[in-house]
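Novice: Structure incoming, see below.
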Amino acid sequence: MSFSRDKTEIDEGDTVILYLSASNMHAFRVQPTIKNKHGELVENVFQTTYGALKVASLVGVKFGSKVQMSRGWAFVLQPNPELWTLTLPHRTQIIYTADISLIVFHLELRPGSFVVESGTGSGSLTHALARRVGAHGTVRTFDFHDQRAQIATEEFAQHGLSNVVQVACRDVSCDGFGEDVQGRADAVFLDLPHPWLVVHHAVAAFKLDGGRFASFSPCIEQVQKTVAALRENGFLEVTTMECLQREILVNNRTLAVASVETSDSKEPAGRLDERSQTVASDSSDKLELVCTNYQNTMPGHTGYLTFATLPPVWARNISSSACPSDPDGDDGGSAPVIETAGL
Amino acid sequence: MEIRESIKIGDYVVIQKQKYLKLHQLKARCDVMLGKDLVNLKAIVGQPFWTTFKMIQKKKKEFDLEVASEIESLPEAVMKDVQSGSDNRNITDDGKSQLLSTEEIEGFKESGLSAQSIVGKLIESSTTFHNKTEYSQEKYLKKKEKKYFEYIVIRKPTVRLLAEMFYSKDPHSVLGLRHDSIAQILSYANVQNSGTYVLFESGTQALLGSAILDCLDDQGRVISITTGRYPPKQAVVGMNFPEEKRAKSFLSVTLTDFLTSLEKRVSEESTNGVEEAVKLSNGEDGLVTQAVPSTAAERTGNEKATLNGIAQNVLPASTEDSKAADNGLIQEETSNSKKRKQEPDTINDCGTPALKKPRWQENLEIAKDALLKDGADSLIFASKEFPLPLILKMLDYLKPSHSLVVYSVYREPLVLIYNELKKKRKDVIGLHIFENFLRTHQILSDRTRPDVMMSASGGHILVGTKVLSS
RNA sequence: GCCCGGAUAGCUCAGUCGGUAGAGCAUCAAACUUAGAGCAUCAAAAUCUGAGGGUCCAGGGUUCGAGUCCCUGCUCGGGCG
């Protein structure tokens, strides 16, 4: 139940986020004892840069509280999909919040929606999907890697999401999404090496009303094949974009102001070496500024996001260029609107 | 599972003509301007969403609609048996390639010729078309198709379509809120299906309010704080939310009313010694000393002054201890409220007896109770105004371990807020300011590349997490 | 015994505000001061100002995709028992 909105304090078994600093966070489960190497139950003591924390002491503590450790302090936070994305144990490369947000928004998910995902990977996106569809919605997620599917299943259970998220081990490229999914999906998301092989399976998974499709691929060749498959299968509004999030860093800095004083306008100098002092040491000529800049390095590429709409089945054979199936044709400059996201 | 939802009078619909989107409420008299064309929408009533219509010209620039069973793609129709050149060495741009005159082409249009035959004639009379490369011909036809396109699709409004429509029409009309920013605001605010979300939004057509409302079921609500009594709510009304949902989950309150109501409640409770669920640490008497106007119009006029009023009180010294507001003024406000109760409801004015509470007052009470009882699940700000004073105030009502999200089209306001929160609030951690770089791509075989034009700015987002400071 | 964190310049370091392309020492250079020898230079010390010097410990693995992953080894630091 870790992610449940109604929760205000920590119970045994909850997953919590220990916030040491913005770049130093840990997620762990609140269990008073854990098994050591030899299989013996020992007291669960979580070690950090700022000393040790007896995990059992967290039970009953309110989320958002400051907790004391042997060499410092930390805040204990309730996990949410964003914090989880930053702290989850990686089994694969994961999708981060900038891309996740765009995917969830463009899939047009609503309370109660039925969404299909493959592959599950490390479950970073899955948590955000589950949050949006809610307790009455369904996330069906597939991964062809048995162990990954198992770990993900356990995590969703620990996070109280088992009634929303169902994991299955399945190679959807070969076998499709299965009969129990067929005709039920409002949205389909693919993060696979060969997404174009799955497009027709996705069509089968959608409701007769159609829905929204998204695919994440790191390489443009994958995108080309996927887009071609989408057009062949009657998808419209096919658009591809990439989104990079940049953080703006704020620093308060004191700058020395270049002095334009001449030796005549200055107070008579006592000794020569005083004259050689820099302006920086002259306390009257300092400027305090709030400065901003970017991180030194940032991811230059994550992946291309391709979105598309599958119209209702009865409208599919009208090859509706009224609702363009191309990504923004050409020079957006002359287009009346930059359709894709340009926006 | 297929449900063909048919279009009714009163519905908002999105009219899509290629990349052009327009939100329109269907009325009994249903003419709409699509660009320079006047289109009669009578034919769409009773049809399901996603129906494609052909525009049939009645008079010059006036069209009726007819359900289309198929659309002939212009490039496909025209490109049959057409030869192409291999490069452009023999093509010079001398402006003389098209043998038809403007008058002749206009004449074709007025005579009601189909797009296909007009473009056919253009190609016939072009001295260069057959020398163009295949790609170049395709591009030529796309341009012509855009000009002569005669089909529209009626779409059911979604937040995504509305966001794209507003932004493409004019980013300023929604404070530069690009879809990726909206998406991230919803993420960082951890908007779930239920909960109480406090939103201060202005200059955005209520796009965020609409986006949040769309995420909620009947257990969730948005407290939408606005500076005016009648804020633009185009994006909320345009979504065709059921009336019940809007009434229950979208609580629209004005800044002055809301703050006054919260202050009053807090001071009453503190004099009664009632333990508050959420403690208000910074009471500012500046708010209550403000004369409370008795009519909606007057209140609206005073909203900006109110925000400034808090600013003066909060900015210099926010650590001052709370002093309960002056009793006399509270009395005045209370009596004022009584007076208001007797006023006829300005919104649902249908001659009902004075006993029925107006909508705005019900909203106010529900919003206030929700906030005082449980606190806010997140705070979301996206306004033309500099929101810092209100942020500092509302932070006291935010649940611990929950998020604050502030959007601004400019970077500097967020930097100021960042600095103030860093310096003055020990109960906000994990502060970050983000901006997004978004690039779209043309995906065509052999011609894949980034789009030439990209959106230069999608705004900036500040996020933070409330904690218990003790 | 177990756990956590670090390792880039010749050397040594870098903070619970998201402070790891930031420094200090050392080196080199210039300026000035003081003292000496010499006669148009040489040279010592103190002060001050600059400059040069950076691609991230080693090995392995995982991910369609690693500039936000994991393991092992080496080494340094910290914590709990």
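Novice: If I take R0 = 35 Å and measure r between the Cβ atoms of A:Ser4 and A:Met298 in this structure, what FRET efficiency does the formula 1/(1 + (r/R0)^6) give, to the nearest 0.05? All intermediate terms of the calculation are to be shown ahead of the outcome.
Specialist: On the way: r = 34 Å, r/R0 = 0.96.
With R0 = 35 Å, the Cβ-Cβ based efficiency is 0.55.
Novice: How do B:Arg425, B:Arg439, B:Arg29 line up, fewest other C-beta atoms within 10 Å first?
Specialist: Details: B:Arg425 21, B:Arg439 17, B:Arg29 7.
With the fewest neighbours first, B:Arg425, B:Arg439, B:Arg29 line up as B:Arg29, B:Arg439, B:Arg425.
Novice: For each of A:Cys219, B:Cys30, A:Cys243, count neighbouring Cβ atoms within 10 Å of the residue's Cβ, then give the residues from fewest to most.
Specialist: In increasing order of surrounding Cβ atoms, one gets A:Cys219, B:Cys30, A:Cys243.
Novice: In percent, how large is the relative contact order of the stretch B:31-185, given Cα pairs closer than 8 Å and 6 or more residues apart?
Specialist: 25
Novice: What is the magnitude of the charge dipole of the stretch A:15-79 about its Cα centre, with +1 placed on the Cβ of each Lys and Arg, -1 on the Cβ of each Asp and Glu, and no other charges, expressed in debye to the nearest 20?
Specialist: 60
Novice: Students often get this wrong: which residues of the stretch A:171-195 have the backbone nitrogen under 19 Å from the point 7 angstrom along Cα-to-C-beta of A:His136?
Specialist: Backbone N within reach: A:184-187.
Novice: Most exposed first by the Cβ proxy, i.e. fewest other Cβ within 10 Å, how do A:Trp314, B:Trp50 rank?
Specialist: In order of increasing Cβ crowding within 10 Å: A:Trp314, B:Trp50.
Novice: Have a look at B:Leu213, B:Leu177, B:Pro232 and report the one farthest towards the positive end of the charge dipole of the stretch B:154-232, computed about the Cα centre with Cβ charges (Lys/Arg +1, Asp/Glu -1).
Specialist: So the residue we want is B:Pro232.
Novice: Which whole-number percent is the relative contact order of the stretch A:15-79 (Cα, under 8 Å, 6+ apart)?
Specialist: Averaging sequence separation for qualifying contacts and normalising by length gives 34 percent for the stretch A:15-79.
Novice: Another question about this same structure. If packing is taken as the average count of other Cβ atoms within 10 Å, what order do B:204-213, A:173-182 fall into, highest mean first?
Specialist: Descending mean neighbour count gives B:204-213, A:173-182.
Novice: Here's another thing I want to ask about it. In terms of modelled amide H atoms, which long-range or inter-chain residues lie less than 5 Å from the amide H of A:Gly137?
Specialist: A:Gly112
Novice: Next question, about the same structure. Sequence-distant or interchain residues sharing an amide H contact under 5 Å with A:Glu9, placed H: which?
Specialist: For A:Glu9, the qualifying residues are A:Phe63.
Read the figures in this text as sums done on the coordinates, not as results from a lab. Since we're looking at a predicted model, the values are computed, not measured. Using ideal geometry, Cβ is built from the backbone for each residue, glycine included, and neighbour counts are taken over all protein chains shown.
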